[in-house]
Each structure stands twice: as C-alpha cells, then as structure tokens.
Amino acid sequence: MKLQELLKKVKPISIVGNEDIDITGVNIDSRRIEDGHMFIAIKGTQTDGHKFIGKAIDLGAQAILCEDIPEEKAPGVTYIQVDNTEQNAGKVATVFYGEPSKKVKLVGVTGTNGKTTIATLLYNMFRKFGFKCGLLSTVCNYIEDLPIPADHTTPDPIELNRLLASMVEMGCKYVFMECSSHAIAQQRIGGLEFAGGIFTNLTRDHLDYHKTIENYRDAKKLFFDNLGKNAFAITNADDKNGMYMVQNTKATVKTYSIRSMADFQAKILECHFEGMLLDVDHREINVRFIGKFNVSNLLAVYGAAIMLGRNAEDILVVMSSLKSVSGRLEPIHSPKGFTALVDYAHTPDALENVLKAIHEVIDTKSRANMLRPQIITVCGAGGNRDKGKRPLMAQEAAKYSDKVIITSDNPRDEEPQDIINDMLSGLDSKQRKAVLTIVDRKEAIRTACMLAQSGDVILVAGKGHENYQEIRGVKHHFDDKEVITECIADEDYRG
C-alpha cells in the first residue's frame, strides 16, 4: 500500500521524506519489523517506542510514525509526526488491513464482569444459527473453530485488525469481542466500526492503571460515546452506571434488567447447580447456568441477538442449549458427595456474585433437606495489581463462606505472603478464626477437598480458565480443574 493511502485517516503535523513509497506492513513492536514496514513509536506505560526507532530502521522500516522526529534521520526513511501515535495506530492499522470491521457485524462487550461469558455465548449462539463467526476474548480468540491463543483481553490495534482481516477472509459475518478498559483508554480499538456495544456492570478493578474509579468508568463510557448512529447500545439498567454509560451515545439505546422495567427482562423461577428455569420476556426457558449475574449475562445475549435481527423464539431455543464458558462456575462433582466450582472471580464484586449464586442453590436444598451444607472458599489476589481490592476480596469471601483458605493466585513479582497479609488486613479477629492461609495453591485446594463433606460446596476462585501460575515473572503450568480432579481421584484423600 502506498504511504499516502495509508495516512488517509491521519492528520500529520509534518512529514519528512518521500510519501510516494510502498509500505508492506505496520507494527508497534520493533522486533517484528521487516523490509518495507512502517514502525509506529508509541509512548507506552512501560517503555517509549521512540527509543527503538533506530532498531526498527536497522530491520528495514521505510516509514516511522512518531510524536518526536529524531534529530539524526536515516536516508531513504520517511518520518511522519503526529500529536499522539497511540490515537493514530488503530487508524493506520484499519486502513492497511482494508477496514475489516466494516465487512462484518462487530459487537463489543465492556464492563468489569461478564465480558467473556457474553461475547463467547453470542459467538456460540450465532454459530448455531449457521453463521461463520469470530471471537476475541480473554480465554481465546477464534476464527470459526480455529483457536488463536490470547495474551490480552483486547489485542493491540495491529494484531486486532490483522485478526479481523483474517476473519473476513474466512467468511465470518459476525465478530464478538471483549473491550477492556485498557484497550479503550489506549485506543487499541480506534478506527473500528461497531455494529453494537454491550455494557455489563462496573465495580472496582484495574485502579493500578486508571488510578480512580471515575477514570475507569469514563474509559468504559468512551466506548459508547464513539458508537455510530446506526449502531445499538445495550446497557444494564440494574447497574448504577448503566444509563451514565449511554447518555452521550449516538447509538440506539436498549436496556436489560432482572429487577425493574426494561426492554429485555427476566426472573428466576427455579435454580440448582445444573441450571435454572427462567422467565425471559414472559417465556419460560431452562438454561445451564446459575446465579443472578448469569441471568443478566443471558439477557444481554438475548438483547444483542434481537438487535442483530434474530427471532425471539429461535434465540431462546438456542439459549437453552448453551453451556457455561470454561472456568466460569464450572462444577466438578466428587464421589464424597461435595461439589467443587471453579470460577474466574478476581474482584470483590465478582466474588460476591458467585458466592451469592451458590447460596441461592444451597439455601433451596437446605430448606428441602433441613440440612445446610458448608461453603469452603479458596481464593487469593494477583500480584502487581490493584492492592486496594485485596482486603475487600477477603471480606466478601469471609462474609459468604463458612471456611476460607487464602492462598496464592498469580503473585507475579510480589511475595505471596505479602499479598495474603494484605487480604487478611480486611478481616476482624472473629473472621480470621474461620480463615486458613496456605501459600501453596495446590495444597490449599487439596486441604479444601479434605475438609469438605457430602453436600458441601468448594469454590476455587480467581484463575478460572487459566492454566498457569505466574511467579517472579515465570509462568508455570497450573490448572485449578486439574488439581481438583487429582484430589478427587487420590485414594489417600478419598479414604
């Protein structure tokens, strides 16, 4: 592509060099530069891409998009100066890859919790409708049934547009993606055209990056501010920030609720660990999910499918066949009679929602059997992340559990015991009596399995679908589901 064409959405401050050159690729990572590429120097939170301009040129870069043009300029290289490279990276990427988001129905999902579930269920639903689809999510990216491993909730703008272009080439008609607050704030989705957006909820998370809850909230809102007039915006009327998110959008606004009047409504009629009987817009449906938060997730899916032109009856038929996303309240049943649930809950609100969902089921069972099972929660908190949520997570675990085992999550570069101590600081002396601390996560899960009796419920929270533990910058294989299964199969444990 000619450089002039590539810059059609960019407003340069100045250009030094020849604009009539061919560009064979674009990249923000200097290590991936090849002959004829454009290198985009971004001033990131960790490093400044301007430091790697020389390296990019050595590898063959023919054009540099930057905020500061170097004093020493390489011959034959064109320098394009803009006021903010981060804001322009997506614009360049979407042009280079042929504006793929205009060739599919792209739906974005943002919020603190529920993004993965909603995006994945929509992907599965529309595939069941017979469409070729793409998925961009925390767990994995998919082009139809081809898995593409995911390193971030939302890829960088270059990778994102490359994936979308591949989806278009494979014949995908719909793409469903998670839009994280980082991705929105860092303009990773800049230049994309969305057919619709969904807001799930907003609670404390990522304050290590955003600093304040207001900054975090407004990053989410920016997504809806940028939706076009032909798009739809579906928001959770049960969340106090639900209507705030869409107050400045040009899109068609629809609401969903399990508590009040809304465009899409539902209520729980029955619930058990295998699923729920729901009333969705005055139609009864059995689903394989538990918890009020999952009813909200399913309503968002239902509403989006309606806005994408599907028939309500057809949506509900497919919805009844959908299964929970990997690592989201995933049950494992023990021969001892207890149930272990693996969930990704890693915020205070998510932990509260999951534990409340467990209570909804066991309270129904205990009324029938006159026996109340125990809830044993195994949880931790990630290192190098928002420290303020650690004591809050411990408080939620203690409030809704009979026993709590605080352990390691992904400690990253922090000492696991320091993270555990941060969590313990949120508990009073009475609560601490019901808490064990076991640094080794495998031993913590094993202890929970040994403590559990028939009818009890173990919640192993925090990692969900993840199959690793990150310790001092190194990822080690670790899968909560595997550890639970090993414990259940262990003859010594089974006694």
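The values are calculated or read from the model by the stated rules, or taken from the named source; none is laboratory data. The shown structure was predicted, so the numbers you read here are calculated from the model rather than taken from an experiment. Here the Cβ is made from the backbone with ideal geometry for all residues, glycine too, and neighbour counts use every protein chain on show. Accessible surface is based on the protein model in full, side chains and every heavy atom, while ligands, DNA and RNA are left aside. Shrake-Rupley method; radii C 1.70, N 1.55, O 1.52, S 1.80 Å.
Quick notes
- For the range 112-255, the direction-averaged projected area of the alpha-carbon convex hull comes to 8.3 nm².
- Taking every DSSP bridge with both residues inside the chain, close to 40 percent are antiparallel.
- Long-range HN-HN contacts of Ile405 with modeled amide H, under 5 Å: Thr377, Val378, Cys379, Leu436
- Each peptide in 129-140, 375-386, 242-253 gets a packing score, the mean of other Cβ atoms within 10 Å over its residues, and the list from highest to lowest is 375-386, 129-140, 242-253.
- Counting every pair of alpha carbons in the range 201-284, the share spaced more than 16 Å apart comes to 62 percent.
- Taken one residue at a time, the phi angles of the range 64-80 give Karplus couplings (6.51, -1.76, 1.60, θ = phi - 60°) of 10, 9, 8, 9, 10, 6, x, 5, 8, 10, 6, x, x, 9, 9, 10, 10 Hz. Gly and Pro are set to x.
- Each principal axis of the Cα cloud of the range 441-495 was evaluated for its coordinate range; sorted largest first, these ranges are 38, 20, 16 Å.
- Taking the DSSP bridge list for the range 27-82 and keeping only pairs wholly inside it, about 10 percent are antiparallel.
- Beta bridges by DSSP in the range 52-148, antiparallel share as percent, to the nearest 5: 55
- For the range 436-453, backbone phi angles converted through the Karplus equation (6.51, -1.76, 1.60; θ = phi - 60°) give residue-by-residue couplings of 10, 10, 9, 4, 6, 5, 5, 5, 5, 5, 4, 5, 4, 5, 6, 6, 6, 10 Hz, Gly and Pro being listed as x.
- Cα-based shape type of the range 1-81, given that a ≥ b ≥ c are square roots of the gyration tensor eigenvalues and the cut on a/c is 1.5: rounded
- Amide proton proximity set for Ser180, modelled H, under 5 Å, gap of 5+: Thr154
- Percent RCO, i.e. relative contact order, over the range 420-495, from Cα pairs under 8 Å lying at least 6 residues apart: 24
- Violating pairs (Cα-Cα greater than 23 angstrom) within the set Lys132/Lys254; Lys267/Lys356; Lys250/Lys323: Lys132/Lys254; Lys250/Lys323
- Cysteines, the chain, no other Cys beta-carbon under 4.7 Å: Cys66, Cys133, Cys140, Cys172, Cys179, Cys271, Cys379
- Karplus-derived 3J(HN,Hα) values for the range 122-127, using 6.51 cos²θ - 1.76 cosθ + 1.60 with θ = phi - 60°, are 5, 4, 5, 5, 6, 5 Hz; glycine and proline are entered as x.
- Distance from the C-alpha centroid of the range 24-54 to that of the range 377-437: 40 Å, rounded to the whole angstrom.
- Spin-label pair Glu482/Lys356, simplified geometry with 7 Å Cα→Cβ offset, distance in nm: 3.5
- Percentage of interatomic Cα-Cα distances in the chain larger than 37 Å: 33
- Ile57 contributes an accessible area of around 40 Å² to the protein surface, as traced by a 1.4 Å probe with all chains present.
- Cα pair distances in the range 255-374, grouped into 10 Å bins until the bin that holds the longest one, percent each: 12, 42, 33, 11, 2
- Rounded to the nearest 10 Å², the accessible area of Lys267 at probe 1.4 Å: 110
- Highest mean first, the peptides 310-316, 195-201 sorted by other C-beta atoms within 10 Å per residue fall in the order 195-201, 310-316.
- Whole-percent carbon and sulfur share, accessible surface of the range 71-160, 1.4 Å: 44
- Taking N as its residue count, the alpha carbon Rg of the range 80-134 over 2.2 N^0.38 Å: 1.54
- Per-residue SASA entry for Met307, accessible area with 1.4 Å probe, Å² rounded to 10: 60
- Pairs of Cα atoms nearer than 8 Å and 6+ residues apart set the relative contact order; for the range 293-414 it is 19 percent.
- The range 92-120 versus the range 291-360: alpha-carbon centroid distance in Å: 22
- Rg/Rh for the range 362-495 stands at 0.99; both radii use Cα atoms, and Rh follows the Kirkwood definition.
- Mean sequence separation of contacting Cα pairs (under 8 Å, at least six apart), scaled by the length of the chain, corresponds to a relative contact order of 10 percent.
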